[in-house]
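Participant: First, the structure itself, so that you have it in front of you.
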Amino acid sequence: MGDPNCVICDCRHDLGNPQRGAEWFAEGHIPGAQFVGVDTDLSGRKTGGNGRHPLPEPGEFTAFLSRSGVTASAQVVAYDQVGGQYAARLWWMCRWIGWGNVRVLDGGWPKWVNEGLEVSKKTVEPNCVAGVVEVSVDPTQVVMGDEVVANFKSAERLVVDARSPSRFRGDEEPIDPMAGHIPGAVNRFFQDNLRPNGAFRDAQTLRGEFEAVLDGRDSREVVHQCGSGITACANFLAMDYAGLLGSKRYAGSWSEWVADPTRPVDVG
């Protein structure tokens with residue numbers, strides 16, 4: 001890497017052990033990288049009703065980017081250890097505030113290590129320049145829970161759930177208090193986007209599989225959803241990579257949905 005204009009973000013995270021990402025970073029990371037906390041830097045304040053990983057305010061996220069050394073000419077590169085789901089969260093959030101110069105490292109940390117590339121334990125202080133990231137939030141990228149409820153009647157959008165098939169069906173629910181899925185949603189497990197080594201499958205294959213999920217729908221009608229708004233970004237990224245543009249995201253996802261007992265749940 002070595003480019004001073006390249007801001008490398010280590011987004012490794014473990015949902016079951018949130019401190020593990022920082023520990024992994026201390027044990028070794030891509031040279032020049034800085035650690036990004038999914039629960040802190042990439043999430044906002046929890047209210048008990050806005051899900052496990054609510055979006056921060058745009059200004060809060062922009063301040064984080066500035067603290068991380070992101071300048072007008074910077075290239076942001078994000079990586080993680082599980083095929084891009086956490087890195088895709090950073091990628092999507094940058095796009096959400098209008099910052100497009102961001103990439104996800106295909107294959108992430110495992111591919112980097114397996115290829116024998118350099119690993120460092122050195123912590124690099126970012127070159128902080130306040131106020132260099134201009135915010136131009138695109139509110140159309142985010143769909144709220146009430147809009148998903150309204151969609152039951154209008155059927156204008158297709159909700160695509162990125163969780164595992166067993167969680168989608170309601171066979172199990174290891175994290176959230178209720179099992180099942182949003183009525184009318186369809187399932188596209190985010191891990192189906194990946195090769196065995198954690199890198200993305202080719203764009204043509206992804207496009208064909210997502211088009212089968214969409215079943216004639218335009219990609220702009222898609223609303224991505226998952227457990228807490230993390231892996232939904234992975235499906236968003238996969239569709240974007242496949243040339244299926246303009247989809248949206250239900251930021252609160254399942255963890256927000258089931259926090260409201262009036263909202264319906266389907267199983268099977």
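Participant: Could you list, in sequence order, all residues of segment 237-260 that are in a helix (DSSP H, G or I) and either within 14 Å of Pro177 (Cβ to Cβ) or of a type in the set (Ser, Thr, Tyr) (or both)?
Facilitator: Across segment 237-260, the qualifying residues are Tyr241, Ser253, Trp254, Ser255, Glu256, Trp257.
Participant: Looking at Pro31, Pro54 in this structure, which one is surrounded by fewer than 22 Cβ atoms within 10 Å (Cβ to Cβ), under 13 Å from the mean Cα position of the chain (by Cα) and farther than 20 Å from Gly198 by Cβ?
Facilitator: That would be Pro54, the only listed residue that is surrounded by fewer than 22 Cβ atoms within 10 Å (Cβ to Cβ), under 13 Å from the mean Cα position of the chain (by Cα) and farther than 20 Å from Gly198 by Cβ.
Participant: Give the residue, chosen from Ala242, Ala238, Ala232, Ala259, that is surrounded by fewer than 22 Cβ atoms within 10 Å (Cβ to Cβ) and modelled with pLDDT of 95 or more.
Facilitator: None of the other options fit; the residue is Ala259.
Participant: Also: Scan (1) over 13 Å from the mean Cα position of the chain (by Cα); (2) of a type outside the set (Phe, Trp, Tyr); (3) farther than 30 Å from Arg263 by Cα for the single condition Asp80 breaks and write down its number.
Facilitator: So the condition that Asp80 fails would be (1).
Participant: While we're on this one: Give me a count of the residues in segment 126-157 that are more than 21 Å from the chain's Cα centre (by Cα), acidic (Asp, Glu) and at pLDDT 90 or above.
Facilitator: Within segment 126-157, residues that are more than 21 Å from the chain's Cα centre (by Cα), acidic (Asp, Glu) and at pLDDT 90 or above number 2.
Participant: So, one more: Of (1) surrounded by fewer than 24 Cβ atoms within 10 Å (Cβ to Cβ); (2) at pLDDT below 95; (3) outside any helix (DSSP H, G or I), Ser66 satisfies all except one. Which?
Facilitator: In the conditions (1) surrounded by fewer than 24 Cβ atoms within 10 Å (Cβ to Cβ); (2) at pLDDT below 95; (3) outside any helix (DSSP H, G or I), Ser66 misses (3) alone.
Participant: Any residue at all in segment 103-125 that is assigned to a helix (DSSP H, G or I), crowded, with 17+ Cβ neighbours inside 10 Å and over 17 Å from the mean Cα position of the chain (by Cα)?
Facilitator: yes
Participant: Answer yes or no as to whether Asp10 is in the same structural domain as Val104 (by TED's automatic domain parsing), in contact with a helix residue (DSSP H, G or I) (Cβ under 8 Å, 6 or more places away or on another chain) and either charged (D, E, K, R) or over 20 Å from Val113 (Cα atoms) (or both).
Facilitator: yes
Participant: If a residue must be surrounded by fewer than 23 Cβ atoms within 10 Å (Cβ to Cβ), over 13 Å from the mean Cα position of the chain (by Cα) and more than 17 Å from Phe168 (Cβ to Cβ), how many such residues does segment 245-256 contain?
Facilitator: Selection size over segment 245-256: 2.
Participant: Select from segment 210-229 the residues that are touching an Asp or Glu at 6+ places or on another chain (Cβ under 7 Å) and either surrounded by fewer than 23 Cβ atoms within 10 Å (Cβ to Cβ) or of a type in the set (Phe, Trp, Tyr) (or both) and list them in ascending order.
Facilitator: Across segment 210-229, the qualifying residue is only Glu221.
Participant: Give me the residue from segment 69-101 that is assigned to a loop (DSSP other than H, G, I, E, B) and of a type in the set (S, T, N, Q) and, out of that set, surrounded by the most Cβ atoms within 10 Å (Cβ to Cβ).
Facilitator: Residue satisfying both the conditions and the ranking: Gln81.
Participant: Of Leu15, Leu42, which residue is surrounded by 15 or more Cβ atoms within 10 Å (Cβ to Cβ), modelled with pLDDT under 95, under 18 Å from the mean Cα position of the chain (by Cα) and not small (Gly, Ala, Ser)?
Facilitator: Unique residue meeting the criteria: Leu15.
Participant: If we keep just the residues of segment 197-209 that are exposed (fewer than 15 other Cβ atoms within 10 Å of the Cβ) and part of a loop (DSSP other than H, G, I, E, B), which is modelled with the lowest pLDDT?
Facilitator: Within segment 197-209, the match that is modelled with the lowest pLDDT is Asn197.
Participant: Please find, among Ala234, Ala212, the residue that is among the aliphatic types (A, V, I, L, M), part of a helix (DSSP H, G or I) and under 24 Å from Met93 (Cα atoms).
Facilitator: Within the list Ala234, Ala212, the selection yields Ala234.
Participant: Within the bounds of segment 155-175, is there any residue that is within 28 Å of Pro110 (Cα to Cα), among the acidic types (Asp, Glu) and in contact (Cβ under 8 Å) with a residue 24 or more places away in the chain?
Facilitator: Yes, segment 155-175 contains a residue that is within 28 Å of Pro110 (Cα to Cα), among the acidic types (Asp, Glu) and in contact (Cβ under 8 Å) with a residue 24 or more places away in the chain.
Participant: Using the structure shown, decide if Val160 is among the β-branched types (Val, Ile, Thr), in the same structural domain as Ile230 (by TED's automatic domain parsing) and at pLDDT 95 or above.
Facilitator: For Val160, the condition - among the β-branched types (Val, Ile, Thr), in the same structural domain as Ile230 (by TED's automatic domain parsing) and at pLDDT 95 or above - is met.
The values are calculated or read from the model by the stated rules, or taken from the named source; none is laboratory data. Since the structure is predicted, the reported quantities are computational estimates derived from the model, not experimental observations. Note that we place each Cβ from the backbone using ideal geometry, even for glycine, and neighbour counts take in every protein chain shown.
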